[in-house]
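As structure tokens, the structure follows; a few thoughts come after it.
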Amino acid sequence: MFAYLSIPIFIVFLWVISIRYGINKIAILRYGMLYLFVISTFRSISLGADSFNYIQAFRTISNRGTYYMEKGYVFLNRLVSSFTSNYSVLIFIVNCLFFLSVYYYIKHFVKEEYWVYCLIVIAFQPYIYLQTTFNIIRQCCAVSFALIGMGFFVNSVKFKHKFTGYILFDLMIIVGAQFHRSTYFLLAIPIIYIIKMNKTKWRLLALLFVGFNQVGLSRILSRIEGLVGNANYINYSASILNNPIYILLVLVYFFWITSYYDSLEIEKWERYYFNIYLFSIAFMLFAVSNDMVYRVYIILAIISLPGIQIVFQNDKSSRIVLSKKLNSSGIGIFSLGLCLYYICFFVGYILYLNMTHNSAYIPYHTIFWKG
């Protein structure tokens, strides 16, 4: 368990020295991403709720057998198994693809003063880091291509080459869907750029998703087996987050961050990212009711990372100055609270896994030794 708890210790250390001492921000981002990469990549192959199925698939495919998974993931398994029978090599390749794409995405679409906050969200939202890189390996690959596609699309918006951007975006999403079919949902993402929204529409949309949750829309989706791939997922609650208290807290947060939506003065591409971030939060209010739908939210949460910088930019609460030497305006109390929320969320999740003796993650051990 210490390996997991070392993550908040290390990330908070980077966060503090970034604010207080003005250490090179690119170094902070690199060290943070590298630490997350090492913890995930060199874990024992037995860790992860779906590890048994993925290992079985790798061995079956390596023996020229057939296995029902998306064609892109099957091809990757065949490619890796053609030169090694070590499943850890596959994990290494998948994580290289994921962490490099996330690093590039943050570096190019988030202002450097907010890199560390994106790092905090990635590390401490368990469904972004822990679940994606330990468990849902196919979706980890799919997200990587989705990030590349988003890069093409947003650059086309910034530099006014929309047609080229749409084509390359669609191509990357289709490639990503060959690893996990939930990625097809992202083909509709450009609509968020086209539709004109305001704070009232956003709030109504959030309440609509709460309604979908309450009426059990997931049970209706279970009948569309061809769309979701495995209708059995629809019958499962995604997590303990599907409870009235958590949903109410998310709604309060959502209403707060939409309060200044109409008065925002930002670039078009920044508003586009903020729109995706708002949509991801609203969609989560429904997604928590169901495991398969929640996997779509995971993709949205990752591609919307640049949008969270708008939340920190527009925090008008009292400032806490951590370093007078740097002439910094400090960090808003609300932003600080948001960071602490993510940290407590992650620590609480790890403690919950430990208390419930979840053998898929506890105890942590590596491919080199157990501990």
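Is region 331-371 rounded, prolate or oblate when judged by the Cα gyration tensor, a ≥ b ≥ c being the square roots of its eigenvalues, rounded requiring a/c under 1.5 and prolate requiring a/b larger than b/c? Oblate is the answer for region 331-371, as a/c is 1.5 or above yet b/c matches or exceeds a/b.
Our compactness index for region 1-122, the C-alpha radius of gyration over the empirical 2.2 N^0.38 Å, is 1.29. With Cβ to Cβ distances under 11 Å as the rule, what net charge do the other residues near residue 26 carry (K, R +1; D, E -1)? In short, +2. Each of residue 204 and residue 360 was given a label point 7 Å from its Cα along the Cα-to-Cβ line. The distance between the two points is 3.9 nm. Spin-label model, residue 59/residue 20: points 7 Å from Cα along the beta carbon direction are separated by 5.0 nm. Sequentially through region 259-276, phi angles give Karplus couplings (6.51, -1.76, 1.60; θ = phi - 60°) of 5, 10, 4, 5, 9, 5, 10, 9, 5, 4, 5, 5, 5, 4, 5, 5, 4, 5 Hz, Gly and Pro residues having no value and appearing as x.
Our helix-only sum for the chain, with -39,500 (n - 2.57) per DSSP H run of n ≥ 4 divided by its residues, gives a mean residue ellipticity at 222 nm of -21000 deg cm²/dmol. Each peptide in 139-151, 165-177 receives the mean, over its residues, of other Cβ atoms within 10 Å, and ordering these scores from highest gives 139-151, 165-177.
Computed from backbone phi, the HN-Hα couplings of region 196-209 come to 7, 10, 9, 5, 5, 5, 4, 5, 5, 5, 4, 5, 5, 5 Hz, rounded to whole numbers (Karplus: 6.51 cos²θ - 1.76 cosθ + 1.60, θ = phi - 60°; Gly and Pro given as x). Using the structure shown, select from 25/268; 25/196; 25/199 the pairs with a Cα to Cα distance greater than 30 angstrom. Listed pairs above 30 Å: 25/196; 25/199.
Multiplying the residue separation of residue 167 and residue 67 by 0.36 nm and subtracting their alpha-carbon distance yields 32.9 nm. Scoring 258-270, 89-101, 294-306 by mean Cβ neighbours within 10 Å over their residues and listing the highest first yields 294-306, 89-101, 258-270.
Each reported figure results from applying straightforward, stated rules to the coordinates on display, with no laboratory input. What you see is a predicted model; the values in this text were computed from it and never measured. With ideal geometry, Cβ positions are generated from the backbone for all residues, glycine too; neighbour counts draw on all protein chains shown.
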